[in-house]
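Each reported figure results from applying straightforward, stated rules to the coordinates on display, with no laboratory input. What you see is a predicted model; the values in this text were computed from it and never measured. Backbone-built Cβ (ideal geometry, glycine too); neighbour counts: all protein chains shown.
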Amino acid sequence: MSIFMFVIAVMTIVGIYAMMALCYNLTNGQTGIVDFGVIGWVAIGAYTYAIITSPDPSTVAGAVNLYGFHLPMWIGLIAAMITAAFGAFCIGLPTLRLRGEYLAIGAYALSMVITSFITNEAWLTNGSRGFFGMPAPLRDRFTSVSAYAIFFLLLIWAFVLGSYFLFRRIEKSPYGRILRSIRENEEVSISIGKNVWKYRMTAYVLAAAILGLVGVLYAWYASVLVPEMFTDIVTFTVVICVILGGTGNFKGSLLGATVMIGAQELTRFFQANADMAATLAATRIIAIGILLVLIIRFKRRGILPEKNIKM
């Protein structure tokens, strides 16, 4: 793989993580919801899209799932967002009444349940076999692999920037001010007549809907869906991206994802012989760890800390 194509691939992955970081910054950075179930909503969106757009399972060799509706991509995308949002609403009814570490544990348990479900309920999700050969949008319009890679990168970042401007608009709105007031002092917000649970729920559902969209983008990029793609390490990587960039600052989410994922992926490009491969792999992890420690030590509020919003 050439350096150019490798950088294109890295920036595509950065874009996917940046969208997840923006969503986590809405729920945690703006509203104070400790949501460790990020990857759960991504998985729901990805598998909903796969089920909606996949062909009839009877025509696919080795398929054990019972459903595949073979509908257009745009219907699958909308369905993914709606399903993730509806799931967040149902789960939010009991969990958003929890606080602090109890909410974090509940959300983390939820993501584990979702991962277990897509692994074991093969009648719906094709189990550990997953879905393969999922087409990406407009792929047949390009004869060059590199040209399509550039197009797909631009497509991903169009979604990233769209999400960024949406969240920034929310941040500057009266609704955003209420979210931050809930984060800072929930009791004061209640005392002035604000329905705290309703505001937390709307932020939670909106973030889940966008994460469902991320699941579709992830499926397009990977062209496969297997349960091993949706592990808790993805959630905690997103959390680190937000902390590095600056909790509460959406620009920081973009920067944090670029630094974190860029450091992870670009170090894979270094080549080594077989005798040095294991040493280089360990050194890479150590180097990334040192980078994170230094940033957190000297920039405790992140690289771009949150600033007061002028209204």
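Going from the fewest other Cβ atoms within 10 Å to the most, the residues Glu187, Glu171, Glu265 appear in the order Glu187, Glu265, Glu171.
Comparing Val196, Val224, Val60 in a Gaussian network model of the chain where C-alpha atoms under 10 Å apart are linked, the largest mean-square fluctuation is found at Val60. The helix-only estimate of mean residue ellipticity at 222 nm for the chain, built from DSSP H runs of length n ≥ 4 each weighted as -39500 (n - 2.57), is -23500 deg cm²/dmol after division by the residue total. Please work out which option in (1) 89, 45, 34; (2) 74, 43, 35; (3) 60, 47, 34 gives Cα extents along the principal axes in Å calculated from these coordinates, and answer with its label. Checked against the structure: label (3).
Long hydrophobic helices in the chain: the complete DSSP H runs spanning 30 Å or more by Cα along their own axis with mean Kyte-Doolittle hydropathy of at least 0.5 are 3-24, 73-95, 100-120, 145-172, 196-222, 274-298.
Residue order for Arg200, Arg97, Arg141, fewest other beta carbons within 10 angstrom first, comes to Arg141, Arg97, Arg200.
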